Amino acid sequence: MSEKEILFEARGIYKSFGPTRANQDVNITLRAGEIHALAGENGSGKSTLISILCGMQKPDAGEMFVKGQPYAPKSPLDAYANNIGFVVQELGIINDLPVAYNIYLGNLDRYKQGPVLNTTSIFRDAKAELEKHGFDVPVREMAGNLPVEKRKLTEITKAMTVDPDILILDETTQALSYDTRQKLYQIINEEKEKGTAILFVTHDVEEMCELADVVTVLRDGRLAADLSGDDVNVDNVRQKMVGRKVEGNYYRDNMEASALPEVAIEVRDLSHGKAFRGVTFDVHYGEIVGICGLSDAGIHELGKTICGILKASTGTVYLPRTNAFIKNPKAAVNNGMAYVPKDRDSEALMMKTTIHYNELVPSLTELSNAAGMIMPKDASNLSDTAAIDFNVRCLGTNQAIGALSGGNKQKVSISRWLVKQNLDILVMDCPTRGVDVGVKAYIYSLIKQLKEKGVALILVADEMGEAIGMADRIVVLKDGKLNGILNRHPGLDEHEVIEVMI
Amino acid sequence: MNAKALVNTDTWYGRLVNQLIFPIIIAIIVVIMNLITGGRMLSGNGLYQIFVSSILNAIIGMAISYTWSTGPDFAVAAAYILAANVGIIATVKLGLGYFGLFGGSILTCIVLQLISTWLRIKLKLPSWVLGMAICLIYEAFGVMYSLWCTKQTVGGALIQLGPTDCKGIVRFPADFLLWLGVIVVLMLIQNKTTFGLNYRAVSSNMEVAEHMGINSRKTIYIGVTIGAALMGIAGAFNAASANLVNTTSNLGSFGQIARGLAAWLLSSGMRRMDPVLSIALSSFAISALFVFLTYLGVPQGTWMSFFLGMFIVVFLCLATRSNKKEE
């Protein structure tokens, strides 16, 4: 074990929510100049532990120390006061305030001149802080008017303003595109050089093993392993996370492209405003087409426009089998096409209702009888079948969807389309975003099965590894334009994709 | 220079343009109304009439922006009427003049709103549900109090201010200074104080605000106190202007703050403008509309409400076009 200075220590942390034991006797030690990853499946207690460290929740038992001094934060302000900077999992941003105020909110007293704030200094400092990290975010713009990635960059900058001795990043990279992720890695490495202790959570095990010096693995709220040195490798971390051996590669086994001859979708000269322009490609049945690009390349907008969610400014999306042009989501669904959004909480699921209703909604037409009525038994059968077949871990389909972990929510988001009889085309936007390694493997196995069945799949991917591992062809966008289409072949790697991307 | 660069908040002229867009639009509308009414609206008298009738609704709108920012609380309407009546009694019965009218009204409104807010936080009930219930209770208190006070007078006369009581505040320039003072103080609070930014954060997303270390409960109580104080000022101003504020029941009090509420709603379409200024401007626009309709001979009551409703819908549709997701 390293002899570096211990900056933070937590001993015997317990935390329960009703009958759920989120943390049980968890110990963790963070050292200066060390990148420490916290690993575990969804619901393993990682975010609970981090919320305790950041002062958002109090532990039921246990003690914490910062630089040897007892640390019992009553609020995140205490964390800031101890030079702990953090970025939480969900967006921690106030949409109705400008970016600059968001960066210093909770810590504004330093700008006080008598009873009022020197707002000019706030804007100036925020601009300088963002520029220091190479982030291009307008400081006077309302945060809510910005895309998710820029809001996340605002949060990262906020964490850096406390000049952290300890920097905590909870699933920060999943909201970032490839190029912005590189900037974050640079910040992490610079902070490491400066002697900051970095604690980060990511579901991307490859990314974790690439960056981390030490990995603490939680399973069912308990400490499952503390790994360092050569023990920090993908197979080992996965095995400790799920408690059994996980086979090395959950992507496709071979690097040969394959597809049925029949074309499923013809995308012609498709544009949506300034997001992307003049994109043309086909997707065949039994084929997986990945869509990749840097931030602002327009990949997510392309996925939405293909499904008719965003209106095309020019061009067409045509389905030869049904002789249909897709101009709105209804036309897409009626012609056997489905869309799984990236942001499952705000775009995919109805968060205020149950699993049952979420599973049911896409199949209402099929469930209706001649009189237009839906029999409760048929509805229950469908939602129960979906939950069982797709291994949704729940207390029953009448459970509130909001109570599920991210991975199980994603299973609902996908499975409700797969129980439909006429699914021919599935468009998925970052389907493994924020899910653990077990669910990730499960989703990839589903994608492989769908390909085998002859379903045409479009996979919009922020993670290049996902596109390379799964797609038969990769459509690469740059600045909203089609920059190239790469075919799957044994030598295909990230460098080849980056070359086309940049 | 393209339109996007013109409203870019990173430049001083962009920020200025953002503040001027809506005043210019409203000014153009008023000029058109002036042409239609044969120049009556933009005469000195016409403009003053519009301005005076906008003061009360502007203050009510600003009060609502605080008391409703964490959820609709209908109790504030009944509190406004009850508080104004307490202010009138303090002036008439105790001879306390302005101090009685404004002090009584502000203090009563603050106490009533804090009770309502405390119950809401303590019972964890939806604000609109608890607000309606408390509104009914406060209205009943208002009616009972008013009846009791009436019984104390010779011949059962209504309690109201005398014809010369506290009239100075509703005359120029005192009314203008009151309006200006409220705007300046609120702009300072909202834009230049830690509390102001904390309150905006709590109103926008309480959970995130708490994660940023803001004491949401304390912030809400301070915000409600400011909102209630403004409502108390509005009640006292209304009483000084009309001599009395009628008590109502069955949620009828809501009607008395409806135009202020409309001003607040209208201001939500002016997102690029300062929130305080946008409420003042909205209130001015609503008053201009009513004066315009009066000149056109539109009957008071239903048709006025119809045109106000239409104006809000059309304005919000146009003003929020750029904020809506492209479909």
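Numbers at a glance
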item	result
Residue order, fewest to most beta carbons within 10 Å, for A:MET373, B:MET273	A:MET373, B:MET273
Neighbour-limited loop hits for GluC sites (Glu not before Pro), region A:68-139 (at most 15 other Cβ within 10 Å; DSSP other than H, G, I, E, B)	A:GLU90
Residues B:LEU94, A:LEU418, sorted so that the one with the fewest Cβ neighbours within 10 Å comes first	B:LEU94, A:LEU418
P(r) histogram, all alpha-carbon pairs of region A:423-502 included - 5 Å bins from 0, percent	3, 14, 25, 24, 19, 12, 3, 0
DSSP-loop GluC sites (Glu not before Pro) across region A:199-283, with at most 16 other Cβ within 10 angstrom	A:GLU247, A:GLU256, A:GLU262
Peptide B:197-209 - average C-beta neighbours from other chains (10 Å radius)	5
Calculated [θ] (222 nm, deg cm²/dmol) that DSSP helices of n ≥ 4 give over chain A, each run adding -39,500 (n - 2.57)	-9500 deg cm²/dmol
Charge dipole (region A:1-82, unit charges on Cβ, about Cα centre) - positive-most of A:PHE17, A:ILE6, A:PHE65	A:PHE17
Per-pair calculated FRET efficiency, R0 = 60 Å: A:THR385 and B:ASN215 via Cβ, rounded to 0.05	0.80
Positive-end residue, the protein assembly as shown charge dipole about Cα centroid, Cβ charges, pick of B:ILE134, A:PRO320, A:LEU38	B:ILE134
Relative contact order (percent, whole number), region B:177-322, Cα cutoff 8 Å, 6+ residue spacing	17 percent
Sum of -39500 (n - 2.57) over DSSP H runs of 4+, divided by residues of chain B (222 nm, nearest 500)	-23500 deg cm²/dmol
Reduced Cα scattering model of region B:35-82, Debye log10 I(q)/I(0), q = 0.21, 0.26, 0.32 Å⁻¹	-0.73, -0.92, -1.12
For region A:367-430, alpha-carbon Rg relative to the globular expectation (2.2 N^0.38 Å, N residues)	1.23
Cβ-Cβ FRET estimate between B:ASN250 and B:LYS151, R0 fixed at 30 Å, reported to 0.05	0.85
Region B:142-208, relative contact order [Cα under 8 Å, separation at least 6], %	11 percent
Calculated P(r) of region B:182-223 - Cα pairs past 18 Å, %	22 percent
Within straight-line cross-link reach of A:LYS352, lysines at Cα separation under 21 Å, skipping those fewer than 8 residues along the same chain	A:LYS342, A:LYS409, A:LYS411, B:LYS124
Computed label-point distance, nm, for sites A:GLU63 and B:PHE306 using a 7 Å Cα→Cβ extension	7.6 nm
Scaled radius of gyration (Cα, divided by 2.2 N^0.38 Å) that the protein assembly as shown gives	1.09
Cα-based shape type of region B:111-246, given that a ≥ b ≥ c are square roots of the gyration tensor eigenvalues and the cut on a/c is 1.5	oblate
Calculated FRET efficiency for the pair B:LEU119/A:LYS4, C-beta based, R₀ 56 Å, to 0.05	0.55
10 Å Cβ neighbours from other chains, averaged over peptide A:98-108	4
Size of charge dipole - region B:41-197 - debye, nearest 20, with Cβ of Lys, Arg +1 and Asp, Glu -1, no other charges	220 debye
Helical segments meeting 27 Å axial Cα length and Kyte-Doolittle 0.0 threshold in chain B (DSSP H)	B:12-36, B:44-67, B:104-123, B:127-151, B:216-242, B:275-295
All lysines inside 29 Å of B:LYS93 as judged from Cα atoms, apart from same-chain residues fewer than 8 positions distant	B:LYS151, B:LYS167
Other protein chain Cβ atoms within 10 Å, averaged over every residue that makes up A:303-311	1
Fewest-first sequence of B:HIS211, A:HIS300, A:HIS489 by Cβ atoms within 10 Å of each Cβ	A:HIS489, B:HIS211, A:HIS300
Gyration tensor (alpha-carbon) shape descriptor, region A:23-150, a/c threshold 1.5	prolate
Translational diffusion coefficient (Stokes-Einstein; Kirkwood radius from C-alpha pairs) of region A:179-338 at 4 °C, 1.567 mPa s, in µm²/s	66 µm²/s
Relative contact order (percent, whole number), chain A, Cα cutoff 8 Å, 6+ residue spacing	16 percent
Cα centroid separation - region A:169-230 against region B:257-278, whole Å	46 Å
Beta bridges per DSSP with both ends in chain A, % antiparallel, nearest 5	55 percent
Pairwise label distance in nanometres, A:ARG321 with B:THR193, each label 7 Å out on the Cα-Cβ vector	6.4 nm
Cα gyration tensor category, rounded, prolate or oblate, for chain B with a/c compared to 1.5	oblate
Charge context of B:MET132, other residues only, Cβ under 13 angstrom, K/R +1, D/E -1	-1
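Every number here is computed from the coordinates shown, using simple stated rules; none is lab data. Keep in mind the model is a prediction, meaning the values are calculated, not measured. Backbone-built Cβ (ideal geometry, glycine too); neighbour counts: all protein chains shown.
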